[in-house]
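Reviewing the structure listed below.
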Amino acid sequence: MISIKSNDEIELLKIAGSIVHDTRMYLLPFIKEGITTKELDKLAEDYILSRGATPSFKGYNGYPSSICTSINEEVAHALPSKRKLRNGDIISIDIGVCFRGVHADSAWTYPVGEVSSKREMIMKCTKEALFSGINAIKPGNHIGDISHAISKISEKYHLSIVKEVSGHGIGRELHEEPDILNYGIADLGEELKEGMVLAIEPVLAVGRGDVEMVDDWTIETVDNSSTAHYEHTVLVTSDGYEILTGGIDG
Ligand code: MF3
Ligand code: CO
């Protein structure tokens with residue numbers, strides 16, 4: 001069962017979502033050559049705490065950091081470390097915030113300085129996949145419509161879907177039912193209803209999309225090809241959707 005949020009929960013989710021978005025905006029000027037991902041993690045954690053919220057990921061299944069920072073071939077859950085950003089990298093930053101017991105979750109990928117056209121392309125196409133998935137959200141549609149819309153974009157550009165990462169329901173828990181695969185068949189799955197809240201999060205790869213674990217959290221593409229990750233937390237409304245963690249530009 002996918003939970004339907006109460007009006008009070010929706011108000012809190014909107015606040016949690018805006019703190020996620022504000023955290024991303026706060027980090028933006030720091031995403032430069034030379035900074036370590038651990039430094040970004042500390043900045044994000046301090047900012048989230050200053051807003052009276054807590055980082056959802058810290059302590060989740062033992063996750064030790066506040067955000068996920070995945071560079072180039074790293075996928076989705078990479079741990080902040082002493083690795084420094086270099087000119088030409090792309091970095092996906094995933095942020096989860098808990099405010100008065102409810103969670104919002106969102107990720108975005110950024111270029112560091114000048115990046116290759118391949119990396120520009122994977123960012124642009126993965127963002128398109130996210131919004132194509134989001135555009136499939138309205139009451140009466142099904143979870144499979146979101147999955148299908150995302151996979152159509154990856155096919156259109158001959159990219160691979162990293163199948164190990166999927167979207168999810170969100171609310172009182174960071175990960176709630178259902179799993180929202182980034183590939184699937186239209187019309188299948190549970191029907192969308194007003195008051196559901198879903199985190200949509202495609203990860204696409206330039207290369208084959210096969211991945212391996214390099215530590216407890218960090219996954220990398222086997223062929224070392226670059227990946228991008230975009231995620232928004234989205235409320236199903238009476239006639240469509242509302243994005244709670246920002247918009248088309250982040
Ligand atoms: N957005 C990611 C997800 O929903 C972040 C999870 S990081 C974790 O899977 F540490 F919380 F697992
Ligand atoms: Co998520």
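The values are calculated or read from the model by the stated rules, or taken from the named source; none is laboratory data. Computed from a predicted model, the values in this text were never measured in an experiment. When we count neighbours, we look across all protein chains shown, and the Cβ atoms used for this are built from the backbone with ideal geometry, even at glycine. With ligands, DNA and RNA removed, areas are computed over all heavy atoms of the protein, side chains included. Shrake-Rupley method; radii C 1.70, N 1.55, O 1.52, S 1.80 Å.
Summary of values
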| quantity | calculated |
| --- | --- |
| Aspartates and glutamates whose Cα lies under 14 Å from that of K156, excluding same-chain neighbours fewer than 8 positions away | E128 |
| Environment charge of A53, counting only residues whose C-beta is closer than 14 Å and scoring Lys/Arg +1, Asp/Glu -1 | +1 |
| List V75, V214, ordered by accessible area with a 1.4 Å probe, largest first | V214, V75 |
| Proximal charge balance of D210 [Cβ under 11 Å; K/R count +1, D/E count -1] | -2 |
| Whole-Hz ³J(HN,Hα) from phi, Karplus 6.51 cos²θ - 1.76 cosθ + 1.60, for region 92-97, glycine and proline x | 9, 10, 10, 10, x, 10 |
| V222-M25 FRET efficiency (beta carbon distance; Förster radius 30 Å; 0.05 resolution) | 0.30 |
| In nm, spacing of pseudo-spin labels at Y157 and M1 (7 Å Cα→C-beta vector) | 3.9 nm |
| Charge dipole magnitude, Cβ of K and R +1, D and E -1 - region 119-250, Cα centre, debye nearest 20 | 480 debye |
| Net charge over other residues, Cβ less than 9 angstrom from the Cβ of E33 (K, R count +1; D, E count -1) | +2 |
| Estimated Rh, region 7-243: Kirkwood, alpha-carbon pairs, angstrom | 17.6 Å |
| For region 172-250 and region 37-110, distance of Cα centres in Å | 16 Å |
| Residue (of S116, I153, V75) at the positive-pole extreme of region 7-243, dipole from beta-carbon charges | S116 |
| Point-to-point label distance, E11-I35, nm (Cα→Cβ direction, 7 Å offset) | 3.4 nm |
| Estimated distance in nm for a label pair at E164 and K138, the labels positioned 7 Å out from Cα along Cα-to-Cβ | 3.7 nm |
| For the chain, size of Cβ-based charge dipole, Lys and Arg +1, Asp and Glu -1, in debye | 660 debye |
| Net length gained if the chain between E173 and A186 were fully extended (0.36 nm per residue, minus Cα distance) | 2.0 nm |
